[in-house]
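Nothing in this text is a laboratory measurement; each read-out follows from the coordinates by a stated rule. Keep in mind that this is a model prediction, so the values were computed, not measured. Heads up, the Cβs are rebuilt from the backbone with ideal geometry, glycines too, and the neighbour counts pull from every protein chain shown.
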Amino acid sequence: MRPSRPNGGPASPARRRSGGTAVSRLTVAKALTLPALRGTRVLAGANGLDRIIECATVMEVPNITRWLRGNELVITSLYALRESPEEQVRLIADLDQVGIAALLIKPKVYVDRLPDRMLQEADARAMPVLELPVETPYIDVLNAVMAEVFRRSSVRRYEADMVEDLLAGVIADPAQLQARAEEGGWNPPGRGGGALIHIDPPQERGVNGGVLSRLCDRVADEVRAAVRGGNGLVAASGSRVRVVLASGREGVPVPRSLARSLLQSVQQDLARRGVATLSIGIGVPVDGYAALPDSYRTACRCVDLGRRLWGPGRLVMPDDVAIYHVLEAIGPGGGPVTGAAPTALPLHPGLQRLLEYDAANKAQLVPTLRCVLDEQGNLRRAAGRLFVHYKTVQYRMARIRELTGWDLSRPELRLAIEVQLRWLDLHSDRAE
């Protein structure tokens, strides 16, 4: 049987409390709180109760997996497999490979007892196996689950449309903004800001469009939960999640430190759990929502430059890359990117000497110099970042002084070297 779909037209978006609270997607755990699933027991796979339900379907025929797309709540009495405990065990692996949300079984109708190995397999795969009370009709579960899926989807779509319109500059009239914000339960007064999150899936997983879409939705749910107290709106598509924040009070700017800490907590948590690597850019706060597209473009630039310079997994704010915006005006050949007559950015002879020394000797003098400058001359912190002994850094810095004759206590020399190192970052092979 094909997945059940909700009947009727779209419902009005559900109200959210002031502060940007958004409705996340339906998980198995949340579905178990629906009245239609009252009395349902978790038999196995309790560690997978955070799996997402996108639709519900009934399985009473063999080879059900060919009809599945992933994220289904599969309801069954196991009638088609009633004579084969071995096939019941294999069913768990087959359904998990498709990526269903949970298996909801009405037992004791055709199967008196589920095989222990079936439940053990479900536990090992963290795939929930649930027991539905015998007296509960399938249709009640299908209707309740799909109504809740549709309700949550409607709210998220309304929120996503508002984010897209805000960041595209479509909503500029204050009265229109207030009307749409009230409909969605968002609190728009005050200054606003935009943020962008780029998602990199774990490299060891094969990722197709459907998997990436579900991963993007999952990240968006995590971000939505984090920023709801910060008056945030979230939209997701492809491999990117867009965020709009507002202070909620006239004349008060968006607290950038709060935005940073909220998004960084999601970034670190998902990286620790191996879910995804997030590259985050946070734009500057702006006055008035007509200027939100400018803030969002700044956030996009932060993400793009951060990934280009340092690879994925960084949280970047405009101040972090301000110098690179200046240096981008100078092309990799030393001339302006506008095509005007070349104006070289000559490298300090000492820096050129270090680059040549590193290339000839496979040494690490330039990376060490960069790290020491970043740590404001603290050799012990630099050694920790470089994963080398403190005395190794001491030796390398002594060698740098021998080759260059530099006195790095001079602030103007340090500034010149740091600017040139960042220019090299921007136009190095790694950056390309």
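In table form, for the structure just shown:
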| quantity | calculated |
| --- | --- |
| Residue-wise HN-Hα coupling along the range 113-128, computed from phi with Karplus coefficients 6.51, -1.76, 1.60 (Hz; x: Gly, Pro) | 8, 6, x, 4, 5, 5, 6, 5, 5, 5, 4, 5, 9, 6, 10, x |
| Lys/Arg +1, Asp/Glu -1 at C-beta; the chain dipole; positive extreme among 74, 236, 278 | 278 |
| On Cα atoms only, tilt of 174-184 relative to the major axis of the chain in degrees | 40 |
| Beta bridges by DSSP in the chain, antiparallel share as percent, to the nearest 5 | 65 |
| Degrees separating the helix 365-374 axis from the principal Cα axis of the chain, which is the longest one | 80 |
| Neighbour-count order for 389, 427, 325, fewest beta carbons within 10 angstrom listed first | 389, 325, 427 |
| Theoretical ellipticity at 222 nm over the chain - DSSP helices of four or more residues, -39500 (n - 2.57) apiece, nearest 500 | -14500 deg cm²/dmol |
| Least to most buried among 158, 289 (fewest other Cβ within 10 Å first) | 158, 289 |
| Cα centre as origin, Lys/Arg/Asp/Glu Cβ charges: the chain dipole, Debye | 660 |
| Between the range 168-193 and the range 59-83, the Cα center-to-center distance that results, in Å | 45 |
| Degrees, to the nearest 10: 85-98 long Cα axis against longest axis of the chain | 40 |
| In order through the range 238-244: 3J(HN,Hα) via Karplus (6.51 cos²θ - 1.76 cosθ + 1.60), integer Hz, x for Gly, Pro | x, 10, 10, 10, 9, 10, 10 |
| Cα gyration tensor shape of the range 28-144, rounded if a/c is under 1.5, else prolate or oblate by comparing a/b with b/c | rounded |
| Loop-located trypsin sites (Lys or Arg not before Pro) in the range 135-208 whose Cβ has at most 16 other Cβ within 10 Å (DSSP) | 205 |
| Label of the coordinate-derived value, semi-axes √(5λ) of the Cα gyration tensor in Å, listed as (1) 59, 26, 19; (2) 32, 24, 20; (3) 52, 29, 17 | (3) |
| Alpha-carbon centroids, the range 250-281 and the range 99-116: separation in whole Å | 40 |
| Proxy reagent accessibility, fewest Cβ within 10 Å first, across 301, 38 | 38, 301 |
| Under Karplus coefficients 6.51, -1.76 and 1.60, residue-wise ³J(HN,Hα) of the range 387-402 in Hz, glycine/proline x | 6, 10, 6, 3, 5, 5, 5, 4, 4, 5, 5, 5, 5, 4, 5, 5 |
